[in-house]
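Presented below is the structure to which this report refers.
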Amino acid sequence: MSQAKPAGNNSIWSGLGGPGNTQRWILGALAIGLIVYAYGISRVCMFQVEPRSLVGWLLKFWGRGGDYAHGYLVPIVAAGVFWWKWRTALRLIPPQSSMWGLVFVGVAMLLYVAGVRAQVPRLVAGSLVVLIFGMIFYLGGWRWAKESWFPCAFLVFMIPLNFLDLYVAFPLRVLVTNLSVFLLNLCGLDVYGQGTGLYSRAGRFSPLDVADPCSGIRSLVALLALTAVYGYLAMDRPWKKWVLFLSSLPLAVVGNLARITTVALVAQGFGNDSAMKIYHAFSGFIVFSLAIICMLGLGALLNLHWREILAHWLAEEELSVPPVKSPVKPPARREQKA
């Protein structure tokens with residue numbers, strides 16, 4: 001009698017040997033080749049007046065400085081999360097091809113054509129994200145798509161969103177200016193705000209303007225990406241993940257508020273040159289350092305099991321209270337009859 005072979009990781013692919021599945025995987029390989037050509041070779045995106053491929057356009061944007069440098073890390077982080085999902089869940093799920101994945105592939109093709117025709121590189125980049133998810137859905141099925149949606153969606157953060165400066169940056173500048181004036185007045189500095197400028201009534205420092213980099217918009221996208229991946233990996237409930245993700249905006253404001261306030265304090269004490277030429281150059285680290293500390297603190301608070309802590313505390317309170325002893329009555333004496 002022949003011994004049965006132990007089931008290993010190869011058993012996952014046992015259902016893929018049929019002719020239909022083989023054809024699908026051949027089509028998938030051809031599709032990967034077309035993807036490499038369409039997004040990595042074909043020059044369909046314009047950077048200023050120079051035609052580039054989508055990969056070249058992204059690399060050019062990421063290389064412009066600290067505002068978009070996080071784009072280099074986004075594909076690496078997404079690949080790491082996908083590998084983690086593979087180790088923990090995907091390798092245990094048998095791939096089952098789903099035709100619903102072709103719906104996302106079709107949407108991706110429409111976005112690609114629209115982005116190329118309208119010369120909107122961000123639409124072309126968005127079509128790549130949708131296409132990757134659609135291919136996973138088509139080749140692996142719904143369960144694979146369910147486990148892989150986050151690393152696919154995380155790729156959105158690699159797309160430069162500098163157009164948000166027009167809609168978000170100025171309101172954030174005004175908000176940070178007003179909050180900085182409030183904090184500086186609490187510290188005893190006689191300052192006032194006008195528009196996005198900070199002014200000293202006593203003339204202790206020259207007017208300080210809260211520019212776009214100090215509004216928080218430049219660190220907002222990076223904080224959105226950071227809170228998204230931290231919340232996905234560290235939080236155990238969906239609502240906790242969303243709370244942490246949505247906290248990125250106030251975290252960005254808090255970090256930049258600390259930066260503006262401390263710059264004004266240094267200017268008050270040591271002059272504008274020390275504040276703007278020395279301190280301001282590295283004060284950007286305050287933004288991320290403080291924001292990351294607040295993010296970790298919020299994550300720790302969200303992960304606490306408050307009901308268990310409260311129940312344990314109440315149980316300790318009950319044990320610490322000594323029981324009240326009832327007074328012992330003396331035994332009644334029996335009267336002897338004469």
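The values are calculated or read from the model by the stated rules, or taken from the named source; none is laboratory data. The structure presented is a predicted model; accordingly, all values stated were derived computationally and were not measured. Backbone-built Cβ (ideal geometry, glycine too); neighbour counts: all protein chains shown.
Here are some residues: L54, L34, L58, L110. Which one is among the aliphatic types (A, V, I, L, M) and either touching a helix residue (DSSP H, G or I) at 6+ places or on another chain (Cβ under 6 Å) or not assigned by TED's automatic domain parsing to the domain that holds G141 (or both)?
Values: L34 fails: either touching a helix residue (DSSP H, G or I) at 6+ places or on another chain (Cβ under 6 Å) or not assigned by TED's automatic domain parsing to the domain that holds G141 (or both); L58 fails: either touching a helix residue (DSSP H, G or I) at 6+ places or on another chain (Cβ under 6 Å) or not assigned by TED's automatic domain parsing to the domain that holds G141 (or both); L110 fails: either touching a helix residue (DSSP H, G or I) at 6+ places or on another chain (Cβ under 6 Å) or not assigned by TED's automatic domain parsing to the domain that holds G141 (or both).
None of the other options fit; the residue is L54.
Among the residues that make up the range 157-166, is at least one of them of a type in the set (V, I, T) and out of contact with any helix residue (DSSP H, G or I) (no Cβ under 9 Å at 6 or more places or on another chain)?
The first filter runs over the range 157-166 and keeps only residues of a type in the set (V, I, T), leaving 159.
Narrowing the set further to residues that are out of contact with any helix residue (DSSP H, G or I) (no Cβ under 9 Å at 6 or more places or on another chain) leaves none.
No.
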Item to complete: Tally the residues that are part of a helix (DSSP H, G or I), polar (S, T, N, Q) and surrounded by fewer than 20 Cβ atoms within 10 Å (Cβ to Cβ), restricting the search to the range 161-209.
Response: 3
Worksheet item: Quick one: in the range 128-160, which of the residues that are modelled with pLDDT of 90 or more, among the aromatic types (F, W, Y) and within 23 Å of V113 (Cβ to Cβ) is surrounded by the fewest Cβ atoms within 10 Å (Cβ to Cβ)?
Response: F133
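Just the residues that are of a type outside the set (S, T, Y) and farther than 17 Å from T261 by Cβ, please, taken from the range 163-193.
F163, L164, D165, L166, V168, A169, F170, P171
Here is a yes/no grid of residues against (1) in contact with a strand residue (DSSP E or B) (Cβ under 9 Å, 6 or more places away or on another chain); (2) within 20 Å of P207 (Cα to Cα); (3) among the aromatic types (F, W, Y):
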| position | (1), (2), (3) |
| --- | --- |
| W239 | no, no, yes |
| S247 | no, no, no |
| L265 | no, yes, no |
| S274 | no, yes, no |
| S289 | no, no, no |
| M295 | no, no, no |
| L301 | no, no, no |
| E308 | no, no, no |
Worksheet, complete the sentence: For the range 136-177, the count of residues that are over 26 Å from P121 (Cα atoms) and not hydrophobic (A, V, I, L, M, F, W, C) equals 8
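Kindly establish whether G195 is farther than 22 Å from G63 by Cα and modelled with pLDDT under 90.
Values: farther than 22 Å from G63 by Cα: yes; modelled with pLDDT under 90: yes.
Here the answer is yes, as G195 does meet what is asked.
Limited to the range 149-186, what total is found for residues that are among the polar types (S, T, N, Q) and within 16 Å of the chain's Cα centre (by Cα)? First the steps, then the outcome.
Going through the range 149-186, the residues among the polar types (S, T, N, Q) turn out to be 162, 177-178, 180, 185.
When the remaining residues are screened for being within 16 Å of the chain's Cα centre (by Cα), the result is none.
Residues that pass the stated criteria total 0.
Any idea which residue in the range 283-300 is farthest from Y230 (Cα to Cα), counting only those that are among the β-branched types (V, I, T) and touching a residue at least 60 places away in the same chain (Cβ under 8 Å)? Can you show your working first?
Taking the range 283-300 as the starting set, the residues that turn out to be among the β-branched types (V, I, T) are 286-287, 292-293.
Applying the additional criterion that residues be touching a residue at least 60 places away in the same chain (Cβ under 8 Å) yields 287, 292.
Details: V287: 18, I292: 11 Å.
In this case the residue turns out to be V287.
Name the helices (runs of 4 or more DSSP H) wholly within the range 1-99 that hold at least 1 residues that are surrounded by fewer than 11 Cβ atoms within 10 Å (Cβ to Cβ) and at pLDDT below 80?
On the way: elements: 19-35, 54-62, 73-88.
Fully inside the range 1-99 and qualifying: 19-35.
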Worksheet entry | Enumeration of residues in the range 84-115 that are of a type in the set (A, V, I, L, M) and farther than 15 Å from S127 by Cβ | A89, L90, L92, I93, M99
